[in-house]
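Have a look at the structure below before the remarks.
Just so you know, all these numbers are worked out from the coordinates, no wet-lab data involved. As the structure is a computational prediction, the values presented were derived from the model and not from experiment. We place every Cβ from the backbone using ideal geometry, glycine too, and count neighbours over all the protein chains shown.
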Amino acid sequence: LRHAREQAITTRQRLSVVVDPAERRVTIASAEAVRETRALPPRVRLEASPPPALTVRFDPGGSSTGGAFRLTSGPVSYRVTVDAVTGRVRAQRD
C-alpha cells in the first residue's frame, strides 16, 4: 500500500491496489494496465473492513479512497489502515 501511494505521487497517475484474498494476491494497477502483482504467503490471512474495501485507490496528490485491513499469521495480527484524506498507511499490531 505504501509503495502504491509513493508510485501514484511520483508518476502522477491514479493507481489502485486490489486485494484478492481468494487468489492470495495483491495487484497494483493504473487505468491502462496491471503494474505489479504480489502473492500473499500461504500462512497470511487478509480481511478487509468492510469487505467491499478490497480496492484502495491512490490519487497523484497522495489522497486515497481509504480502507482498513487485518493481516493475520498464526497468533500475530496487524491492523493496516489507509487514511482517505492523506493516503497515509499505518500498521499497528493487535
Exercise. Which shape class, rounded, prolate or oblate, goes with region 24-94 when its Cα gyration tensor gives a ≥ b ≥ c as root eigenvalues, a/c under 1.5 marks rounded, and past that a/b bigger than b/c marks prolate?
Worked result: oblate
Exercise. When only DSSP loop residues count, what GluC sites (Glu not before Pro) in region 1-84 have their Cβ near at most 10 other Cβ atoms within 10 Å?
Worked result: Glu32
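Within the chain, what's the longest stretch lacking trypsin sites (Lys or Arg not before Pro) that sit in DSSP loops with no more than 10 other Cβ atoms inside 10 Å?
Numbers: sites that count: Arg12, Arg43.
Longest gap between qualifying sites, sites excluded: 44-94.
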For this session: Grab the other residues whose beta carbon is less than 12 angstrom from that of Arg79, score K and R as +1, D and E as -1, and report the net.
Result: +1
Exercise. Is the shape of region 16-61 rounded, prolate or oblate, going by the alpha carbon gyration tensor and its root eigenvalues a ≥ b ≥ c, with a/c under 1.5 for rounded and a/b larger than b/c for prolate?
Worked result: oblate
